[in-house]
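Below is one structure, written out as structure tokens, with a few remarks after it.
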Amino acid sequence: MLQQTQVKTVLSYFENFLFHFPTLESLSQANEKKVLKLWEGLGYYRRARNLLETTKILVKKHNSKLPNKIVDIKKLPGIGDYTANALLAFIHDQPTIAIDGNVKRIFSRIVNKSETTIDLLRIIEKNSKFLFKTKRNSDFAEALMEFGALVCKPKEPECFKCNIRSSCKYFKSDKKFKQIKRLQPLEKNYDIFCSINKTKNKIALTKKHNLGFLHNFYLPHIRETNTKNKIKNWNFHSNFKNSISNKKLNINLYYKYSSILPMQSQWFSLKTNSEFIPTFTKKIIKQISRLN
Ligand code: SF4
């Protein structure tokens, strides 16, 4: 849940999730619709599907235990190097570091060299006796994450509070290396078309669209803006911006009233739906509902 999402947002979801699925076994038997409903609003829904799939595999093939070898952990759905190493440290207390942007920044500051010029894995390996000497590997992995978030922050690190500043070349140097700029989010333009059944107060949604980041979820008809195609027979509603995954979306919203259900679509209430609907679609429904 914490991937790309802040702790304060996750807390209530996490507690509610554990209330419904207190054990690995209970989650493994859950229905995907229920899992997605409980995840509704958190975004990045692939995480929920992967988590559900992972619990099924762990129960069936691993006696409800997380494997303790990185190759086996990485075979689980959606688990790459970072998560696999974090799990090895947190669950099995193994001496390893989950390398993300925070960890790269901390180490590159300590040696005062750009992330692109250092071989971080080599540095960790060379210093492993020192790094893992306390044998509190789980605490160490978590401490590094906290250290990157609270002390050695991306902008304006709190060096005067830092208890390793006497060993930090960045702190001591007059020539501090320049940090590389992170990739800017991708900007995309989309047109969204909402067919509204006015008498029944419903909107047509479909899973047939090309949006990879909301693959297999219900959306109104959506397509990338193509200035060559004139839009006929639709009323312009509004233009709005939305950020999703690493994309900034500029959206033109159109609507029309019609009782004919578009192909490969289903009617959904403009008020409440028991079926899971992603937040992206809910925002659109909210805007469109103001029409009535
Ligand atoms: S002294 Fe400053 S730059 Fe160096 S590790 Fe500590 S917080 Fe980061």
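Here, each number is a calculation from the coordinates, and none is a lab measurement. Owing to the predicted nature of the structure, the values given are computational and were not obtained by experimental measurement. Backbone-built Cβ (ideal geometry, glycine too); neighbour counts: all protein chains shown.
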Pairs from 155/176; 126/181; 188/247 whose Cα-Cα separation, in the structure shown, is over 18 Å
126/181
Rounded to 10°, Cα long-axis angle of helix 81-92 versus longest principal axis of the chain:
60 degrees
For the Cα atoms of the chain, what angle does the longest principal axis make with the long axis of helix 279-289, in degrees from 0 to 90, nearest 10?
30 degrees
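Tally the DSSP beta bridges in segment 188-289 and give the antiparallel ones as a percent, rounded to 5. Can you show the working numbers first?
Values: 21 of 30 bridges.
Taking every DSSP beta bridge with both residues in segment 188-289, the antiparallel ones total about 70 percent.
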Derived scalar couplings ³J(HN,Hα) [segment 150-159; Karplus, 6.51 cos²θ - 1.76 cosθ + 1.60; whole Hz; x for Gly, Pro]
10, 10, 8, 6, x, 10, 6, x, 8, 4
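What's the FRET efficiency of residue 198 with residue 279 using the Cβ-Cβ distance as r and R₀ = 22 Å, to the nearest 0.05? Working shown, then result.
Details: r = 25 Å, r/R0 = 1.13.
According to the calculation, E is roughly 0.35.
When ranked by the protection proxy of mean other Cβ atoms within 10 Å per residue, highest first, what sequence do the peptides 33-46, 15-28 form?
Working: 33-46: 17.2, 15-28: 13.8.
The packing order, highest mean first, is 33-46, 15-28.
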May I ask you to compute the full-extension gain from residue 7 to residue 240, defined as 0.36 nm times their residue separation minus their alpha-carbon distance, rounded to one decimal in nm?
81.2 nm
Measure out, as a whole number of angstrom, how far apart the alpha-carbon centroids of segment 3-82 and segment 216-274 sit.
30 Å
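What ranking, highest mean first, results for peptides 122-129, 193-200 when packing means the other Cβ atoms within 10 Å averaged over each residue? Don't skip to the end; give the middle numbers.
Working: 122-129: 12.1, 193-200: 17.0.
In decreasing order of mean packing, 122-129, 193-200 become 193-200, 122-129.
Compute the Rg to Rh ratio over segment 151-190 from the alpha carbon atoms, using the Kirkwood formula for Rh, and round to two decimal places.
Working: Rg = 15.5 Å, Rh = 12.7 Å.
Looking at segment 151-190, the ratio lands at 1.22.
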Can you work out the PRE-style zone for residue 50? Point 7 Å along Cα to Cβ, and I want the residues of segment 80-96 with backbone N under 11 Å.
80-84
Taking the C-alpha atoms of the chain, how large are the radius of gyration and the largest Cα-Cα span, Dmax, in Å?
23.8, 72
On a full-extension model of 0.36 nm per residue, what is the gain between residue 271 and residue 64, subtracting their alpha-carbon distance, rounded to one decimal in nm?
70.5 nm
Shape call, segment 7-92: gyration tensor on alpha carbons, a/c limit 1.5
prolate
FRET efficiency for residue 229 and residue 291, using Cβ-Cβ distance with R0 set to 35 Å, rounded to 0.05:
0.90
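Find how much the distance from residue 178 to residue 248 grows on full extension, using 0.36 nm per residue of separation minus their present alpha carbon separation; answer in nm with one decimal. Show your work: numbers first, answer last.
On the way: separation 70, 0.36 × 70 = 25.20 nm, distance 2.66 nm.
Contour length minus Cα-Cα distance gives 22.5 nm.
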